[in-house]
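Engineer: Right, I'll just put the structure down here and ask away after.
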Amino acid sequence: MNLLQKNKNRSVGLVFFLLGVLFVVFFIADLLLGSIIIPVKQVFLAFFPSSETSESFRTIVLDFRLPKALTAVFTGAALSLSGLQMQTVFRNPLAGPYVLGISAGATLGVALFVLGFSSAFAFGIFSSTGAWSLALVAWAGSFLVMLLILYVSARVNDIMTLLILGILFTSAVTAVVSILQYFSNESMLKAFVIWTMGSLGSVTKSQLMVLAPAITAGIFLAFLKIKDLNVFLLGEDYARSLGVSIKTSRVIIFLSTSLLAGTITAFCGPIGFIGIAVPHICRVIFKTANHLVLVPAVILTGSIVMLFSDIVSQLPGMQTTLPINSVTALIGIPVIIWMIVKNRKFVSV
Amino acid sequence: MKRENINIELKQLSVGYAQPGEAPLEVLKNINFTAAPGEMVALIGSNGIGKSTLLRTLAAFQPWFAGNIQISGKGLKTLHPKEIARIMSFVSTENIRVPNLSVFDLVAYGRFPYTNWIGMLANEDKSVVYEAIEKVGLGGFEQRSVMQISDGERQRAMIARALAQDTPVIILDEPTAYLDVSNKYEIFHLLQVLAVEKKKTIVLSTHDLNIALREVDKLWIVTENGNYQGAPEDAVLQGWLNQMFRNEHVGFDEKEGEFFFKKNFRAKVKVEGEGLPLIWTLRALNRKGYQIVMQVEPDFRVVAKENSWKLIISGTEKEFESIYQLLTFLE
């Protein structure tokens, strides 16, 4: 039996190694491919300041493609990890990063800003400060929702109450946003709709300086709670009987999820699908329920899937890019369907 | 009983739960129960009386209204959840279905209170886990998924998990609820062995009274008219089992140690014969509502032999090949 386990450990190591290789390949491919074709050699030279390469190539690689690739990595990792946490804590295979209403909060912030206030007086600010103001209002929205969730979760015993509150809150926000959309003019509407389609490219280098630490902090909190996540699989009664302080543990996990999903939604818009699908993909690949394996696995796999989506969305060799939200859905849904058909057990966590 | 021989003590306990917007509902009150190390205790009572509430309160899942709970000499309220996890383990009625979770990993969760922050199992933890799996008779099942074993095996795995938690007290909420008869007996027997060998206090709730009466050391009975604790046999002699049911159609046969349906007899019958055919013919006729008589004049007689049953009604005789045929004719 020990031998069997050793074999299992070895194969887990091998899968991680292969995923690592895939990650490096996709990261490099994401730097190489884009609307302008830059020779491979020039891309590498761009990283060395003293090397002789054209300034425009250097600008494209260092100021556009590198931040975008890094954003893809953070986005994939963050959304997948928060999706895994929610599926485990709610013991629901359909839970994702947004079940708590995080993206609804961000959407409300952006909708109020773009469709509401900016129409009257703030449109100048919106256009001059650009994406920063959008990110700030979105973050403020998701942060407020996060505070609400933490406040409620520290007081409510039943986890299902939280799930229902999250769903109701999301529906209420959708209603408010519809009203705002109805009363706003065309250009506002377009600005808002484009935000909801999601974008990795709008994240600037300076925004990355905020995004990266926030995501790292979220991942750190998730690692702290790996042990608790494992026993949450058995339900809260068992977790409690094993000595987990349910409410404290829940607050930390929700804080992590809010940081991860809230930050990404603020800077990139509500990117769907990844958070629900990647944890399932990892469960199928690794055939384990142990979060010590699953947490690093979803971080790595999520990054890979997001890098791939980004490569596809910029339609290599062409001038236009597709909305990232459509790409993640179109790539992912066939994968999920294939997995459902092949492995029916996938439908439960 | 010496004081240090008590592992669990419920004093003047009153349990229930808060209802939002309404007055809190007190389900059970004035409970005084104790349990000693090495004792297996069955909590029995009719459906909905509050057995689960009592066990959940005992397991520190919910607060209580009044009274006191002492575990291993310490007040339950003064203990931190981490301390409680080393004193009491819990097995719920819930059927755990987690894909990709192996029996080994499930049982290893029992080591949670002892492992480091990422839950790494030391060699000592691993041997405790293997020993627990072996103890419940699941040796060789370590790498099987908990989805691919039977309900009985899964329940044993959950008990192994509680065993791996290495606590002096194990609480089980209806551990035999959805098992077949042989599995029910096996689980009871297993728990009995654990109580004796490892000197654990095992408290379980159950509706399988026939088995509980034969296997447990002590009954905790909760009824609307008061509570009882003591040996199952004392409970029978004092008539507690008949009191348990509000239902007038079910009674407890204090001679047989079994429950039966109270029914109106349709006719008197006298049965002759011997051995197993006689015993099961009696049961069949009893089930169909015929009163078995010895002295008084019967309405008809049955002679039971191996593979043949003779019915005698007012002088006429008829032979049957099975009890089923006999009963069908009598209808």
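Where a number appears in this text, it was derived from the coordinates with a stated rule and is not lab data. All figures in this text were calculated on a predicted structure; none of them were measured in a lab. We place every Cβ from the backbone using ideal geometry, glycine too, and count neighbours over all the protein chains shown.
Engineer: Extending each Cα 7 Å along its Cβ direction at A:L168 and A:F64, get the distance between those two points in nm, one decimal.
Structural biologist: 4.8
Engineer: Could you give the nm distance between label points at A:A29 and A:K205, where each point is 7 Å from its Cα heading toward the beta carbon?
Structural biologist: Placing both labels 7 Å along Cα→Cβ, they lie 2.8 nm apart.
Engineer: Any idea which of B:I159, B:T206, B:T115 is furthest toward the positive side of the dipole for chain B, if Lys and Arg beta-carbons carry +1 and Asp and Glu beta-carbons -1?
Structural biologist: Toward the positive end, the furthest listed residue is B:T115.
Engineer: Something else now. Report P(r) for the stretch A:14-347: all Cα-Cα distances, bin width 20 Å, range 0 to the bin holding the largest distance, values in whole percent.
Structural biologist: Going from the shortest bin to the longest, the percentages are 31, 56, 13, 0.
Engineer: Tally Lys/Arg at +1 and Asp/Glu at -1 over every other residue whose Cβ is under 10 Å from the Cβ of A:I253; what's the total?
Structural biologist: Summing Lys/Arg as +1 and Asp/Glu as -1 gives +1.
Engineer: Within 10 Å of each candidate Cβ there may be at most 13 other Cβ atoms; applying that plus a DSSP loop requirement, which chymotrypsin sites (Phe, Trp or Tyr not before Pro) in the stretch B:51-132 survive?
Structural biologist: Loop-located and lightly packed - B:W117.
Engineer: Separate question: Does a label point 7 Å from the Cα of A:F48, set along Cα-to-beta-carbon, have any residues of the stretch A:60-82 with amide nitrogen under 18 Å, and which are they?
Structural biologist: Once the point is set 7 Å along Cα→Cβ of A:F48, A:61-62 turn out to lie under 18 Å by backbone N, inside the stretch A:60-82.
Engineer: Using the count of nearby Cβ atoms within 10 Å as a rough guide to exposure, how do B:S145, A:S103 rank from fewest to most?
Structural biologist: On the way: B:S145 19, A:S103 29.
Result, fewest neighbours first: B:S145, A:S103.
Engineer: Testing the spin-label approximation: label points 7 Å from Cα along Cα→Cβ at B:E319 and B:E134. State their distance in nm.
Structural biologist: 6.0
Engineer: Provide the descending list of Cα extents for the stretch A:209-303 along its principal axes, expressed in whole angstroms.
Structural biologist: 40, 30, 18
Engineer: Another one. Within the set B:K135/B:K199; B:K268/B:K318; B:K29/B:K262; A:K225/A:K247; A:K68/A:K190; A:K247/B:K51, which residue pairs have Cα atoms separated by over 20 Å?
Structural biologist: Working: B:K135/B:K199 15 Å; B:K268/B:K318 18 Å; B:K29/B:K262 31 Å; A:K225/A:K247 13 Å; A:K68/A:K190 23 Å; A:K247/B:K51 26 Å.
Listed pairs above 20 Å: B:K29/B:K262; A:K68/A:K190; A:K247/B:K51.
Engineer: Right, here's the next one. Which of the DSSP-defined H helices in chain A satisfy a minimum axial length of 18 Å, computed from C-alpha atoms, and a minimum mean Kyte-Doolittle hydropathy of 0.0? Before the final figure, lay out the partial values.
Structural biologist: Numbers: long enough: A:2-32 (45 Å, 1.30); A:66-89 (34 Å, 0.93); A:131-153 (32 Å, 2.00); A:159-182 (35 Å, 2.04); A:205-224 (29 Å, 1.61); A:246-268 (32 Å, 1.36); A:291-313 (32 Å, 1.93); A:324-342 (27 Å, 1.86).
Qualifying helices, which must be both long enough and hydrophobic enough, are A:2-32, A:66-89, A:131-153, A:159-182, A:205-224, A:246-268, A:291-313, A:324-342.
Engineer: If the stretch B:146-300 were replaced by its equivalent ellipsoid, with semi-axes equal to the square roots of 5 times the Cα gyration tensor eigenvalues, what would those be, largest first, whole Å?
Structural biologist: Those come to 37, 20, 14 Å.
Engineer: Turning to a different aspect of this structure: How large is the charge dipole for the stretch A:14-347, taken about the Cα centre, if only the Cβ atoms of Lys, Arg (+1) and Asp, Glu (-1) carry charge, to the nearest 20 debye?
Structural biologist: Numbers: 18 positive and 10 negative charges, 151 e Å.
Taking the Cα centre of the stretch A:14-347 as origin, the dipole is about 720 debye.
Engineer: As a test of understanding, state the convex hull volume per residue of the stretch B:267-330 from its alpha carbons, in Å³. List each step's numbers first, then the result.
Structural biologist: On the way: hull volume 4.8 nm³, N = 64.
Taking the convex hull of the Cα positions in the stretch B:267-330, it is 74 Å³ per residue.
Engineer: Suppose every Lys and Arg Cβ carries +1 and every Asp and Glu Cβ carries -1, with no other charges. What dipole size does the stretch B:267-330 come out with about its Cα centre, to the nearest 20 debye?
Structural biologist: For the stretch B:267-330, the charge dipole is close to 240 debye.
Engineer: Here is a further query. Within the stretch B:144-162, whose backbone N sits under 13 Å from a point 7 Å along Cα→Cβ of A:S11?
Structural biologist: Residues B:144-145 fall inside that zone.
Engineer: Which of the lysines could be linked to B:K74 by a straight reach, that is with a Cα gap under 18 Å, when you skip same-chain ones fewer than 8 residues away?
Structural biologist: Within the straight-line limit of under 18 Å, B:K74 reaches these lysines: B:K2, B:K11, B:K82, B:K200.
Engineer: While we're on this one: Please work out the ratio of the alpha-carbon Rg of the protein assembly as shown to 2.2 N^0.38 Å and round it to two decimals.
Structural biologist: In units of the 2.2 N^0.38 Å rule of thumb, it is 1.27.
Engineer: Further question: Residue farthest toward the positive end of the dipole of the protein assembly as shown, with Cβ of Lys/Arg at +1 and Asp/Glu at -1: which of A:F308, A:I336, A:F286?
Structural biologist: Final value for the positive-end residue is A:F308.
Engineer: Net charge near B:W240: determine it from the other residues with C-beta under 12 Å of the C-beta of B:W240, scoring Lys and Arg +1 and Asp and Glu -1.
Structural biologist: Cβ neighbours under 12 Å give a net charge of -3.
Engineer: In the stretch B:45-137, if every C-alpha pair distance is counted and binned at 10 Å from zero, what percent goes to each bin?
Structural biologist: Values per bin, smallest distances first: 13, 35, 34, 17, 2.
Engineer: Can you tell me the FRET efficiency between A:L292 and B:H207 if r is taken as the Cβ-Cβ distance and R0 is 41 Å, rounded to the nearest 0.05?
Structural biologist: Values: r = 39 Å, r/R0 = 0.96.
With R0 = 41 Å, the Cβ-Cβ based efficiency is 0.55.
Engineer: Dipole of the stretch A:14-347 (Lys/Arg Cβ +1, Asp/Glu Cβ -1, origin at the Cα centre): which of A:I276, A:L233, A:A72 lies farthest to the positive side?
Structural biologist: Toward the positive end, the furthest listed residue is A:L233.
Engineer: Please report the spacing between the Cα centers of the stretch B:14-77 and the stretch B:253-307 in Å, no decimals.
Structural biologist: 43
Engineer: Taking a cut-off of 20 Å between Cα atoms, list the aspartates and glutamates near A:K287, but don't count ones fewer than 8 places away on the same chain.
Structural biologist: A:D228, B:D105, B:E142
Engineer: Sticking with this one: DSSP loop (so not H, G, I, E, B), at most 16 other Cβ within 10 Å: list which chymotrypsin sites (Phe, Trp or Tyr not before Pro) in the stretch A:160-216 pass both filters.
Structural biologist: Taking the stretch A:160-216 and a limit of 16 other Cβ atoms within 10 Å, the loop chymotrypsin sites (Phe, Trp or Tyr not before Pro) found are A:F183.
Engineer: For B:V103, what is the net charge nearby, where nearby means another residue's Cβ is under 10 Å from its Cβ and Lys, Arg count +1, Asp, Glu -1? List each step's numbers first, then the result.
Structural biologist: Details: positive: B:R144, B:R154, B:R156, B:R161; negative: B:D105, B:E142, B:E153.
Local net charge: +1.
Engineer: Taking R0 as 60 Å, what FRET efficiency do you get between A:L315 and B:Q192 from their Cβ-Cβ distance, rounded to the nearest 0.05?
Structural biologist: 0.30
Engineer: Write down the Å³ per residue value for the convex hull defined by the alpha carbon atoms of the stretch B:3-256.
Structural biologist: Per-residue hull volume (Cα only) is 154 Å³.
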